[in-house]
Every structure is written in structure tokens, then in C-alpha cells.
Amino acid sequence: MKSSVVAFLASLLLLFGCSCSHQKLVKPAGEVPVLELVQRTVKVEVNCDDKEGTGSGVILRGRDYGLTIATAEHVVAGENCKMIVQEWNGERHRVWRHRVDVKHDVAVMYTLSGRLYKELPTRRAQLGEQVIAVGYPWDPRVVEPTQTVTRGVIAAFYTREDLQHSAVRITAEIGPGSSGGPTFGLDGALLGLNVRKRVVYPWHDYMTHVKHVEDLL
């Protein structure tokens, strides 16, 4: 009787021990230092025949042949535009060509100079996750605007019949001039581009989904 009880207990230990040994512990990704996210953000200066203005953008990659930068299409829209991007350290680069997706308010710009940057990771946003929005807000009282960093969450995913595409609402504050700047996850992945617009309620802060940036590359 005693030997049968011992054998039974041993079989249970072996069963649960084997099942536990095959489980993989998934460690949560660490939060990327905010400074690294700020250094990925650029100021976009636009001088067109029909307008002048500034916006923000994000460096997707940096190679020997120049930078690849994403921004909002409405930032660079205009007639016969000349564009300059300014990095966090003050280095300035002329944009020699760009591509746009008017429907989704996305543009990708290319320079022939710039620092080396690794490929910026991207991923899909999750409802309720925390985000960090970075940009260069415009303020006529400030001679040389610096980056601003705001935090929030993914508040809602909106889709309306009269919209050309769905919108992602965020609670991070987006000021004028920060359009086209990046919305990051805490892991440093690019989730979308900042934009302030009217979708369901009066003006709120949103981001353009990163998938539209990927489609334009």
C-alpha cells in the first residue's frame, strides 16, 4: 500500500515537473529611454509658393546615402515646396524628394545627408496601451522651439462610413506644429504619426496608423 502511494506521488511530481519545464517565461519588453525617442524626431520646415510653415517628422532609418523620414502629408502639401529637416542636434538637411499618400495623410521624405540610424521598429497599437508622442509644436512667442514629449494611451479606434480610413485616438496632447511627429509605444516601436483633427467629437488628438507609413516605403 505504501509503495503504491509513493509511486502515485512520484508520477504526479514527474507529470507536473515535465509540464512546467516546457513553459516559456515571456519577459515584458523594457521601456526605451525617452531621449532615444526624442533623437528620432525632426523638425520639418516647409517653404512653398502658397504657404510657409513647420511640422514634425520621425527618422525611419539613416544610411550613408541619407535619411528616410516620415511625416504627415498636410505638412508638406503645397505648390513648388522646398523642405528642410532639422535633427535634434541642430544639423539641417535638404529634402531632395518625397512621396505622399493624400488619402491617409502620410508622406515619406528622403535626404542626401544625415547621421546613421538603425531601422526604427514598428508594430500595431493595442487599445489601452501607454504611448509617448514627440513633436516640435509651433509657438510664435518662442524663437527656437524645442521638442515636447507627452504621454497618454490608445483611447479608441474609430471607423466611420464617411471617412476614407479609420482613426486612432490618443490622449497624449498634440499641439500645432507637432503634426507628423511620432507616436511611440513604451518599447520604442513606432505606432503612428501625430495629427490633430475632427473625427467623432470636436477636435481631438489622433495618430495615423503606422501601416500607412509602411505601405508608402
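What the table shows:
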quantity	calculated
Failed criterion for L120 (all others in (1) modelled with pLDDT of 95 or more; (2) part of a strand (DSSP E or B) hold)	(2)
Any pair with Cβ under 6 angstrom, 6 or more apart, that starts in region 44-56 at a residue that is under 10 Å from G180 (Cα atoms) and ends at one that is among the hydrophobic types (A, V, I, L, M, F, W, C) and in a strand (DSSP E or B)	V44/V85; G55/V44
Residue within region 66-73 that is touching a Gly at 6+ places or on another chain (Cβ under 8 Å), within 19 Å of E214 (Cβ to Cβ), surrounded by fewer than 22 Cβ atoms within 10 Å (Cβ to Cβ) and of a type in the set (G, A, S) present	no
Where a residue in region 63-74 is more than 14 Å from L217 (Cα to Cα) and its partner, wherever it lies, is among the small types (G, A, S) and surrounded by fewer than 24 Cβ atoms within 10 Å (Cβ to Cβ), with Cβ under 7 Å and at least six apart	G66/S113; G66/G114
Which numbered condition N89 fails, given (1) modelled with pLDDT of 95 or more; (2) of a type in the set (S, T, N, Q); (3) within 25 Å of V32 (Cα to Cα)	(1)
Close pairs (6 angstrom Cβ cut-off, 6 or more residues apart or separate chains): assigned by TED's automatic domain parsing to the domain that holds V75 in region 92-120, polar (S, T, N, Q) and part of a loop (DSSP other than H, G, I, E, B) anywhere	H93/S113; K103/Q164
Some residue of region 135-144 being closer than 20 Å to G55 by Cα, surrounded by 12 or more Cβ atoms within 10 Å (Cβ to Cβ) and at pLDDT 90 or above	yes
Qualifying residue in region 106-113 (condition: assigned to a strand (DSSP E or B), hydroxyl-bearing (S, T, Y), more than 16 Å from the chain's Cα centre (by Cα) and closer than 26 Å to H209 by Cβ)	yes
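The values are calculated or read from the model by the stated rules, or taken from the named source; none is laboratory data. Just so it is clear, the structure is predicted and the values come from calculations on it, not from any experiment. A quick note on method: Cβ atoms are made from the backbone with ideal geometry, for glycine too, and the neighbour counts reach across all protein chains shown.
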